[in-house]
Amino acid sequence: MKSEESSYSYSEGFKDGIPIGLGYLSVSFSFGIMAVNSGLPVWISVLISMTNLTSAGQFAGIGLIACGAPYIEMALTQLIINLRYALMSLSLSQKADKSLNILHRMITAFGITDEIFAVASGKAHDIGKSYMYGLITAPYLGWSTGTLLGAIAGNILPGSVSAALNIALYSMFIAIIIPPAKKSKPVLLVIAISVVLSTIFEFAPYINRLSNGFAIIICAVTASFLGAVFFPVKEATE
Amino acid sequence: MTLIHVLVMAGVTYLIRMLPFVLFKKKIENRFIKSFLHYVPFAVLGAMTFPAIFSSTSSVYSAIIGTAVAVFLAFREKSLLTVASSACLTVYIAEALIKLFQH
């Protein structure tokens, strides 16, 4: 009874992607503002969003471009900040069905962001190529368009508005993790451990010098490791 | 100069996402690794959000109020968009009030 293509269609993916796309509009809008304020032309700001599709990495990237950092520093910074995507890709590779062959994996991998990953891994069944392409569409358009609008509006918008928009990304993460944490105590505990560790990395002397991206990896790996040791997932959870 | 920077950024970010997705085509059967990967998204998003969210706005007070609103609405299982836009609006109003009382 197993079909090549998963049961989730392109349009179902597209629908799931709309809230992410709208959320991205506001976050990339503030990215566009920041990029132009750091001295980048509008088209470069948009090009960065269209080729990177990542929030924290891009915000760090424009800072490095502005101060003319060496390419190797740029590469290492992106590697550390974005290494979490490797964990997500690995996790998602286990949920991808046969329709996602090597070629389609090479293309859709570009769209694995925090939110797209969170939504895709929240689906009950395996996911196929149609669903992935659908899911990526609206966020990609939202991320690019928002950057363009923000870069153009850059100097018009008052600071109070862009400060308010900064919380958009984080509140989306909260909206993703809280409902599953309500239903599963192990998930809640894993989140709690990770948050406590990340707070320690932020404030404790000496270790707070560690880069943000690297700290996130250590927190996530430790908390997930403890979760796997003490609360192994039942086989039925697929 | 700038274009090469963008190229380096995009290339590194893409490879990080693409390699694990393409290389791990076989299903991992090990229960421990499966459990580990099950918890990864929650742990990553938790660590990314806290405590960074409290310094994401102009004042820690507006951030606390915004976070409280986001947590409350997320607990009521509202959509991503509702949670995010309500938090933004709350922060905007809170910061306007803070400015008002400072003068």
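The values are calculated or read from the model by the stated rules, or taken from the named source; none is laboratory data. Since the structure is predicted, the reported quantities are computational estimates derived from the model, not experimental observations. Ideal geometry is used to build each Cβ from the backbone, glycine not excepted, and the neighbour counts take in all protein chains shown.
Some points to look at:
- Flag for B:Ile33 being facing chain A (nearest Cβ under 7 Å), in a helix (DSSP H, G or I) and not polar (S, T, N, Q): no
- Residue within region A:38-56 that is at pLDDT below 85, surrounded by 16 or more Cβ atoms within 10 Å (Cβ to Cβ), among the small types (Gly, Ala, Ser) and assigned to a helix (DSSP H, G or I) present: yes
- Subset of region A:18-64 (residues that are in contact with an Asp or Glu (Cβ under 8 Å, 6 or more places away or on another chain) and free of Cβ contacts under 8 Å to residues at least 24 places away in the same chain): A:Leu64
- One residue stands out among those in region A:184-220 that are at pLDDT 90 or above and farther than 17 Å from B:Pro51 by Cβ: the one that is surrounded by the most Cβ atoms within 10 Å (Cβ to Cβ), which is A:Val190.
- Candidate set from region A:189-216 (those that are touching a residue at least 60 places away in the same chain (Cβ under 8 Å) and in contact with a helix residue (DSSP H, G or I) (Cβ under 6 Å, 6 or more places away or on another chain)); member that is farthest from A:Gly122 (Cα to Cα): A:Ser211
- Matching option when the condition is in a helix (DSSP H, G or I), of a type outside the set (Asp, Glu) and under 30 Å from A:His125 (Cα atoms), among A:Ile20, A:Ile33, A:Ile65: A:Ile20
- Checking region A:176-188 against the condition returns a match, with at least one residue being closer than 22 Å to B:Val69 by Cα, among the small types (Gly, Ala, Ser) and in a helix (DSSP H, G or I).
- The residue list B:Val69, B:Val44, B:Val60, B:Val6 contains one member that is within 27 Å of A:Phe110 (Cβ to Cβ) and modelled with pLDDT of 90 or more, which is B:Val6.
- Residues that are without any contact (Cβ under 8 Å) to a residue 12 or more places away in the chain and either exposed (fewer than 15 other Cβ atoms within 10 Å of the Cβ) or among the basic types (Lys, Arg) (or both) within region A:152-178 comprise A:Ile156, A:Pro158, A:Gly159, listed in sequence order.
Matching residues to (1) closer than 26 Å to A:Ala75 by Cα; (2) crowded, with 20+ Cβ neighbours inside 10 Å:
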{"residue": "B:Thr13", "(1), (2)": "yes, yes"}
{"residue": "B:Lys27", "(1), (2)": "no, no"}
{"residue": "B:Arg31", "(1), (2)": "no, no"}
{"residue": "B:His38", "(1), (2)": "no, yes"}
{"residue": "B:Val44", "(1), (2)": "yes, yes"}
{"residue": "B:Thr82", "(1), (2)": "no, no"}
{"residue": "B:Val91", "(1), (2)": "no, yes"}
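- Boolean, B:Glu95 is in contact (Cβ under 8 Å) with a residue 24 or more places away in the chain, more than 14 Å from the chain's Cα centre (by Cα) and facing chain A (nearest Cβ under 7 Å): yes
- Top-ranked residue in region A:6-37 [being crowded, with 22+ Cβ neighbours inside 10 Å and hydroxyl-bearing (Ser, Thr, Tyr); ranked as farthest from A:Pro158 (Cα to Cα)]: A:Ser6
- Residues in region A:92-149 that are buried (at least 17 other Cβ atoms within 10 Å of the Cβ), over 30 Å from A:Pro41 (Cβ atoms) and hydrophobic (A, V, I, L, M, F, W, C): A:Leu92, A:Ala96, A:Leu100, A:Phe117, A:Ala118, A:Val119, A:Ala120, A:Ile127, A:Met132, A:Leu135.
- Search result, residues across region A:89-110 that are facing chain B (nearest Cβ under 7 Å) and assigned to a helix (DSSP H, G or I): A:Ser89, A:Leu90, A:Ser91, A:Leu92, A:Ser93, A:Ile102, A:Arg105, A:Met106, A:Ala109, A:Phe110
- Within region B:56-72, considering residues that are touching a residue at least 12 places away in the same chain (Cβ under 8 Å), in a helix (DSSP H, G or I) and more than 7 Å from every other protein chain (Cβ to nearest Cβ), the one surrounded by the fewest Cβ atoms within 10 Å (Cβ to Cβ): B:Tyr61
- Among the residues of region A:114-171, those that are among the polar types (S, T, N, Q) and not in a helix (DSSP H, G or I) comprise A:Asn155, A:Asn166.
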